[in-house]
Each structure stands twice: as C-alpha cells, then as structure tokens.
Amino acid sequence: ARLHILIPIAENSIAGNAFRPSDVLTSRSGLTVEIGNTDAEGRLILADALSLADESTPDLIIDMATLTGAHRVALGWDLPGVFATSDELADSVYRWGERKGDMVWRLPFFKGYESYLKSKIADTSSTGSKPLAGAITAALFLKKFVPKTIDAGGDFMHIDFAGWTDAHPGRPEGGEAQGIIALHSQLMDQYGSSS
C-alpha cells in the first residue's frame, strides 16, 4: 500500500482580487462552483486536492478539515464528525476511537440535502442554500470531487473537527489533533505496519 498526502491550506485575507458571493470558479475537476460564502474558501482548495487524489482512483481517500461551525453546533468542541461512504470504515474508526480515547461520531452523507447545493449559474454551489445542515452539505460538496474513486469501489471519508479542546485529564486546553489517533489506529489495522 502507498500513502499519498496532500496538504491544501487557505487563509482568510481581504484583498481587491478576493472572490465574492456569486462568483463562479472552475475547479480542477472541471465542475463550476458558485461561491455561496466567502468564509468557505477552504473547501474550494480542499475540493481541488480531492480531485487530484481522485485522479489515481485509490482504494481510500480521507480528508480532515476544520471545515464548518455547523459540525461544532451538532457535536461540540471535542467530538469530530465522520462522514464515510463505507459503513465498515466508519465503524472501524469509531471502535478505534473508543479504544484509544479519541472519540469520533458518524454523520450522514444524507442525499436528501443534495438539492441544497444546486446553483442556477454553476454546476454546484460551494455552500448550502438553507441555514441548516451545514456540516452535511459541506461533506456532500466534497464528495462531488471523488467520483472516480467511489465508482471504482473505493471509499471516501471526510472528518470535520474543531481542532480545539477544553482541558481533560492528560490533555491540556488548546489545539488538538482530534480523530488522528483513531484514524491512525484504523489505518494500521487495515493496512498493517511498514516494519
């Protein structure tokens, strides 16, 4: 098994050439994207990174992002939301999280909300048209950029996490790589160690 890591990073900055609501951008995959919210720029570069990963149709694509405030509203600061196309993969990450004290919670790729991403001027909107289900619509948006992998029988997992935690025994208040231990344990279980 080969591991390929992509690190798309964005910063909110004000400039004369910054994009605006209703701008239409063409993604790496060729999908046109209507900008629904200028505070959601991270999902655009993440979509391009997912498209790049999808070009080689791997067995598994995983992204982790501090993507939405909606995830925190649903699950709080300490519990990452896991979206997965495979029940087995989601269950395994959950079980490893329980064992390792790095809890995660599954949220759905609910098809009923796909219509929230419709756009009159592009193939898709970058954000949902309703002021609810933001974590789900963001995950559905990202899923649009891994069609080859899914069609070939591969799996896609999106983990939306806060990256911050209050103080807990053994863990100080501050930045926290939530879900990493659970995910690492699952990957080692699935793919084995290199030794």
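The values are calculated or read from the model by the stated rules, or taken from the named source; none is laboratory data. For clarity, every value in this text was computed on a predicted model and none was experimentally measured. All Cβ positions, glycine included, derive from the backbone under ideal geometry; neighbour counts span all protein chains shown. All accessible areas refer to the heavy atoms of the entire protein, side chains included, with ligands and DNA or RNA removed. Shrake-Rupley method; radii C 1.70, N 1.55, O 1.52, S 1.80 Å.
Of all accessible surface on segment 43-195 at a 1.4 Å probe, what whole percent is carbon and sulfur? All intermediate terms of the calculation are to be shown ahead of the outcome.
Numbers: 3990 of 7590 Å².
Ligands and nucleic acids excluded, carbon and sulfur give 53 percent.
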Handout entry: Long-range amide H partners of Trp164 with built H, under 5 Å
Key = Glu176
Problem - Area accessible to solvent at Arg20, 1.4 Å probe radius, in Å² - result: 130 Å²
Practice task
May I ask you to order 74-85, 2-13 by the average number of other C-beta atoms within 10 Å around their residues, highest value first?
Solution key: 74-85, 2-13
Fill in the blank from the handout: Note: the chain, point scatterers on Cα, Debye, no solvent; log10 I/I(0) at q = 0.08, 0.13, 0.15 Å⁻¹ equals -0.27, -0.71, -0.94
Handout entry: 11 Å beta-carbon shell around Ser51, net charge (K/R +1, D/E -1)
Key = 0
Problem - Candidates Thr32, Thr68, Thr127, ranked by Gaussian network fluctuation over the chain, Cα under 10 Å, top entry - result: Thr32
Practice task
Please identify every one of the GluC sites (Glu not before Pro) in segment 21-70 that sits in a loop by DSSP and has no more than 15 other beta carbons within 10 Å of its own beta carbon.
Solution key: Glu55
Exercise for the section: Have a look at His158, His71, His168 and tell me which one the Gaussian network model of the chain (Cα, springs below 10 Å) gives the largest fluctuation. Expected result: His168
Practice task
Over segment 47-195, average the accessible area per residue using a 1.4 Å probe and give it in Å², no decimals.
Solution key: 50 Å²
